[in-house]
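Chemist: Before I ask anything, here is the structure I am working with.
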Amino acid sequence: MEAVTTPAEQIAAGSVLHAGRLISQIESGHPQAREVLRALAPHCGRAQLIGVTGPPGAGKSTLVAALIRELRGQGRTVGVIAVDPSSPFTGGALLGDRDRMVEASSGDRGVFIRSIASRCASGGLAAAVDDAVDVMDAMGKDVVIIETVGVGQGEFDVAGIAHTVVLVMVPGYGDALQAMKAGITEIADVVTVNKGDSPGAEQTVRDLAAQGFERTGPDGVSRWKVPVLKTSALRGEGIGALVAAVDEHYAHTGATGWRAAAERARRRARFNAFVADRLQEELLKVAGESLDDERLADPYGAAQAYVDALLNAHRRLTGPSGAAAVPGTENK
């Protein structure tokens, strides 16, 4: 048997150490992370991705812990990416929420939990989460759960990553109304009212169910009626039904081609992000070296001229006579 030597091989073999190290490099923008992610690509695309979102205080972390227990009871391995608010001093993730989930894993090798700091940058956050998802996917996790900070732009970004988005609400119509106003219900595939043993839970379920939430697939034809469930994460009630609803949605999107279209959109978004990051890094470096103080006296004009020159060069490269110079266009 050949020895496992590269970081990608170690991760594909399930190494938590190497996976954690790579996610740290992803967060810090380390150039080496790109090469390892490329090597992991053949090992990705098998995990079921679940997003868990909702307003602060809805009990998302407690619910994720309950989901871990349920999924492990079904024999499925689980990865968790907990998106935490950034520390205002270090920029690192605050691990309070993560600590609440650790009990659910209790040293279980079938569970890998990792926090990622939001750093108040939704675009960068989405890219980091996307990459971290691939790391856990490549490790062989059957299910990867992404728990978000709360309701905001980051939730809409993460919705483009997860196969199924679970919106966690709490009893009280005011909270439900606020979620609807924020537009968060537009990305929900399954809604659950957590803390279901609290007063008003049944009424909140009825209020939300009465809205008749429905999602339409990318083909504009296939539809999914969003179920509204009730759970009590602390008591472990309704968790099995929630997993069943998530699995039903996953099967539905697979059968209708919805998931395949979403995966194509995800890959295109990642391509755009990688290109944008690399171009920004390299082109700004070149621009900084080539522009003197005199040209920078008019920064707007200098920027416009620089971008126009780049676009003209790109058109020449990718035109009929230059298409073959672009990787992947030789046979088009």
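Yes/no per residue for (1) on the phi > 0 side of the Ramachandran plot; (2) open to solvent by 50 Å² or more (accessible area, probe 1.4 Å); (3) of a type in the set (Asp, Glu); (4) at pLDDT 95 or above:
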| position | (1), (2), (3), (4) |
| --- | --- |
| Ile11 | no, no, no, yes |
| Ser28 | no, yes, no, no |
| Val36 | no, no, no, yes |
| Ala47 | no, no, no, yes |
| Ile50 | no, no, no, yes |
| Thr53 | no, no, no, no |
| Ala58 | no, no, no, no |
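Chemist: Return the residue satisfying two criteria in turn: it lies in region 292-332 and is in a helix (DSSP H, G or I) and among the β-branched types (Val, Ile, Thr), and of such residues it is modelled with the lowest pLDDT. Spell out the reasoning first.
Modeler: Pass one, region 292-332, residues in a helix (DSSP H, G or I): 295-297, 299-318, 323-325.
Retained after the next criterion (residues that are among the β-branched types (Val, Ile, Thr)): 307, 318.
Details: Val307: 86, Thr318: 80.
Among those that are in a helix (DSSP H, G or I) and among the β-branched types (Val, Ile, Thr), it is Thr318.
Chemist: Which of (1) over 34 Å from the mean Cα position of the chain (by Cα); (2) closer than 22 Å to Ala132 by Cα does Ala297 not meet, given it meets every other one?
Modeler: Failing condition for Ala297: (2).
Chemist: So the check is Cβ under 8 Å with 6+ separation or different chains; which pairs have a first residue in region 281-295 that's open to solvent by 90 Å² or more (accessible area, probe 1.4 Å) and a second one that's assigned to a helix (DSSP H, G or I)?
Modeler: Close Cβ pairs (under 8 Å, with a partner that is assigned to a helix (DSSP H, G or I)) amount to Arg295/Ala302.
Chemist: Under the condition of being acidic (Asp, Glu) and surrounded by fewer than 19 Cβ atoms within 10 Å (Cβ to Cβ), which residue from region 178-206 is modelled with the lowest pLDDT?
Modeler: Once the filter is applied, the top-ranked residue is Glu186.
Chemist: When the residues of region 215-229 are filtered to those that are under 21 Å from the mean Cα position of the chain (by Cα) and more than 13 Å from Tyr250 (Cα to Cα), which remaining residue is most open to solvent (accessible area, probe 1.4 Å)?
Modeler: Once the filter is applied, the top-ranked residue is Pro218.
Chemist: When region 153-177 is examined, which residues are found to be at pLDDT below 75 and more than 30 Å from Gly45 (Cβ to Cβ)?
Modeler: Tyr173, Gly174, Asp175, Ala176, Leu177 - these are the residues of region 153-177 that are at pLDDT below 75 and more than 30 Å from Gly45 (Cβ to Cβ).
Chemist: Can you tell me which residue is farthest from Val158 (Cα to Cα) among those in region 253-269 that are at pLDDT 90 or above, surrounded by 15 or more Cβ atoms within 10 Å (Cβ to Cβ) and not hydrophobic (A, V, I, L, M, F, W, C)?
Modeler: For region 253-269, the residue satisfying everything is Thr256.
The values are calculated or read from the model by the stated rules, or taken from the named source; none is laboratory data. These numbers were taken from a predicted model, which means no experiment stands behind them. In this analysis, Cβ positions are derived from the backbone assuming ideal geometry, glycine residues included, and neighbour counts consider all displayed protein chains. These area figures cover heavy atoms from the full protein model, side chains too; ligands, DNA and RNA do not enter into them. Shrake-Rupley method; radii C 1.70, N 1.55, O 1.52, S 1.80 Å.
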